[in-house]
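Engineer: What follows is a single structure, and I will ask about it in a moment.
The values are calculated or read from the model by the stated rules, or taken from the named source; none is laboratory data. Please read these numbers as outputs of a predicted model, since none were measured by experiment. In this analysis, Cβ positions are derived from the backbone assuming ideal geometry, glycine residues included, and neighbour counts consider all displayed protein chains. These accessible areas exclude ligands, DNA and RNA; they are computed on the full protein's heavy atoms, side chains included. Shrake-Rupley method; radii C 1.70, N 1.55, O 1.52, S 1.80 Å.
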Amino acid sequence: MSALEGPSLHLRGHILLGDDREVSDLWVKDGHVTLTRPSAQGTNMLALEGWVLPGLVDVHCHVGLGKDGAVDNATAQAQAIADRDSGALLLRDAGSPLDTRWVRSRRDLPRLVRAGRHIARPKRYLRGYGLELDDVTQLPDVVRQEARAGDGWVKLVGDWIDRDLGADGDLRPLWPQDVLTEAVAVAHAEAARVTVHAFSSEVVPSLLAAGVDCIEHGTGIHPDDMYTLSERGIAVTPTLLQINEFENIARQADAKYPLFAARLRDLHERRYEQVRQLHEAGIQLLVGTDAGGTIGHGRIADECAEMVAAGVPVADVVAAASWQGREFLGYGGLVEGSSADLIVYPADPRENIEVLRHPTAVILRGEIVAPL
């Protein structure tokens, strides 16, 4: 190997490869990681020192979604860049009305795992966000369609306010059990996993009976169901940034839907206790901001801080936001030859979650993209 063929980056200090896996040196060559000291260092190699993590993961965001539905490609690009610059280099797009397949061809944008569009019913979710099925028996066929169009995930809306009930309107499950169970089986037959929006406690037993793979929000999961989730390996994404908005949503709903408003206030009040109980039950917690819609992109550090505020140990949150999240989505940890998607920090974020707000360098596919 000549000097010109050497690595472009030398990272040294504390290279965190995963749980209890750490090395002191790592090199980047041709966009990939090598843990073997090269014989030639490279004439233009840049050395960076600090705490190095695999890129952060936002497992619940919505590239291409705005408060009124789909946005244009330029706005979606800006959303993805905001995520990237925050250190979120792998995104699971948990439902978007915009076809974002083009993001995957852009080397300067985060890696994107798409779940297709939200699947809901008319007047039983936010207008303009998802596919609305007039006939619930359509669900299995639409799930098959979305499984084939996505990247191994399907997103269902499990519960939402039933507006047809007027003042008695409250969170109610959307799907009959037999239809839901068939739809999940269809997704699995297509090698896709199913994640479900779920605020209420009432919807959780049906999700467990159907065999879903992941639950988003999970504000109503009853303690009696938590250990079942843990035993089955069903992960939960708490999305605390979104749950923090419940008081605002309740205030808007007070006059028309008082029961719904009261429910949201209760879920908001006990949000930290809920997340702490989920963690103590041994459930895998994922880190997702729910960016898009009303939540801004690039807030992965805020979501991590909220999870710590809820009582989840800092080191566990960092692991969930980095190598564990990558493994959950099938990307694995840093190994010889893997893509150099890395973040360098000036201190150990496992000691202070606020460190995540101040990366020294964000490296995507071997290129420094921020903040240098």
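Engineer: Could you list all residues from the stretch 83-94 that are under 11 Å from the mean Cα position of the chain (by Cα) and in a loop (DSSP other than H, G, I, E, B)?
Structural biologist: Correct list: Ala94 only.
Engineer: Sticking with this structure for a sec: Picking from Ala255, Ala261, which residue would you name as being modelled with pLDDT of 95 or more, aliphatic (A, V, I, L, M) and surrounded by 14 or more Cβ atoms within 10 Å (Cβ to Cβ)?
Structural biologist: Sole residue among the options that is modelled with pLDDT of 95 or more, aliphatic (A, V, I, L, M) and surrounded by 14 or more Cβ atoms within 10 Å (Cβ to Cβ): Ala261.
Engineer: Restricted to the stretch 123-135, and to residues that are open to solvent by 30 Å² or more (accessible area, probe 1.4 Å) and in contact (Cβ under 8 Å) with a residue 24 or more places away in the chain, which residue is farthest from Val59 (Cα to Cα)? Write out each step before concluding.
Structural biologist: Here is the first cut: in the stretch 123-135, the ones open to solvent by 30 Å² or more (accessible area, probe 1.4 Å) are 123, 126-128, 131-132, 134-135.
So of that shortlist, the ones also in contact (Cβ under 8 Å) with a residue 24 or more places away in the chain come out as 123, 126-128.
On the way: Lys123: 26, Leu126: 20, Arg127: 23, Gly128: 22 Å.
For the stretch 123-135, the residue satisfying everything is Lys123.
Engineer: Right, another one. When you look at Ala305, is it surrounded by fewer than 24 Cβ atoms within 10 Å (Cβ to Cβ), farther than 30 Å from Ile161 by Cβ and under 17 Å from the mean Cα position of the chain (by Cα), yes or no? Lay out the reasoning, then the answer.
Structural biologist: On the way: surrounded by fewer than 24 Cβ atoms within 10 Å (Cβ to Cβ): yes; farther than 30 Å from Ile161 by Cβ: no; under 17 Å from the mean Cα position of the chain (by Cα): yes.
No.
Engineer: Of the conditions (1) under 21 Å from Val63 (Cβ atoms); (2) surrounded by 15 or more Cβ atoms within 10 Å (Cβ to Cβ), Gly296 clears all except one; give me its number.
Structural biologist: Just one mismatch for Gly296, condition (2).
Engineer: Give the residue that is least open to solvent (accessible area, probe 1.4 Å), with candidates limited to residues of the stretch 239-252 that are β-branched (Val, Ile, Thr) and outside any loop (DSSP other than H, G, I, E, B). Even if it seems obvious, please write down each step before you answer.
Structural biologist: The first filter runs over the stretch 239-252 and keeps only residues β-branched (Val, Ile, Thr), leaving 239, 243, 249.
If we keep only those that are outside any loop (DSSP other than H, G, I, E, B) too, we end up with 243, 249.
Values: Ile243: 2, Ile249: 61 Å².
Of everything passing the filter in the stretch 239-252, Ile243 is least open to solvent (accessible area, probe 1.4 Å).
Engineer: Could you please find all residues in the stretch 105-122 being in contact (Cβ under 8 Å) with a residue 12 or more places away in the chain and outside any loop (DSSP other than H, G, I, E, B)?
Structural biologist: Matches in the stretch 105-122: Arg111, Leu112, Val113, Arg114, Ile119, Ala120.
Engineer: Pick from Thr219, Thr228, Thr195: which is under 26 Å from Ile283 (Cβ atoms), polar (S, T, N, Q) and either modelled with pLDDT under 95 or assigned to a strand (DSSP E or B) (or both)?
Structural biologist: Selected residue: Thr195, the only one of Thr219, Thr228, Thr195 that is under 26 Å from Ile283 (Cβ atoms), polar (S, T, N, Q) and either modelled with pLDDT under 95 or assigned to a strand (DSSP E or B) (or both).
Engineer: Further question: Of the residues in the stretch 18-40, how many are in a loop (DSSP other than H, G, I, E, B) and open to solvent by less than 70 Å² (accessible area, probe 1.4 Å)?
Structural biologist: 4
Engineer: Right, here's the next one. Among what's in the stretch 3-17 and is open to solvent by 20 Å² or more (accessible area, probe 1.4 Å) and farther than 13 Å from Arg37 by Cβ, pick the residue that is modelled with the lowest pLDDT.
Structural biologist: Ala3
Engineer: Let me ask something else about it. Exactly one condition in (1) out of contact with any Lys or Arg (no Cβ under 8 Å at 6 or more places or on another chain); (2) of a type outside the set (Asp, Glu); (3) more than 20 Å from Gly152 (Cβ to Cβ) is not met by Trp27; state its number.
Structural biologist: Of everything listed in (1) out of contact with any Lys or Arg (no Cβ under 8 Å at 6 or more places or on another chain); (2) of a type outside the set (Asp, Glu); (3) more than 20 Å from Gly152 (Cβ to Cβ), Trp27 misses just condition (1).
Engineer: For the stretch 138-190, which residues satisfy the criterion of being part of a loop (DSSP other than H, G, I, E, B), out of contact with any His (no Cβ under 7 Å at 6 or more places or on another chain) and of a type in the set (Gly, Ala, Ser)?
Structural biologist: Scanning the stretch 138-190 gives Gly150, Gly152, Gly169.
Engineer: Give the residue, chosen from Gly158, Gly152, that is within 19 Å of Glu216 (Cβ to Cβ), crowded, with 23+ Cβ neighbours inside 10 Å, at pLDDT 95 or above and not polar (S, T, N, Q).
Structural biologist: After applying the criteria, what remains is Gly158.
Engineer: Next question. Determine whether Arg326 is within 19 Å of the chain's Cα centre (by Cα) and surrounded by fewer than 18 Cβ atoms within 10 Å (Cβ to Cβ).
Structural biologist: no
Engineer: Restricting to the stretch 356-372, give me the number of residues that are more than 18 Å from Arg12 (Cβ to Cβ), open to solvent by less than 50 Å² (accessible area, probe 1.4 Å) and at pLDDT 95 or above. Spell out how you get there, then give the answer.
Structural biologist: Step one: list which residues in the stretch 356-372 are more than 18 Å from Arg12 (Cβ to Cβ), which gives 356-358, 364-365, 367, 369-371.
Keeping just the survivors that are open to solvent by less than 50 Å² (accessible area, probe 1.4 Å) gives 356, 364-365, 369-370.
Then keep just the ones that are at pLDDT 95 or above; that gives 356, 364-365, 369.
Residues meeting the conditions: 4.
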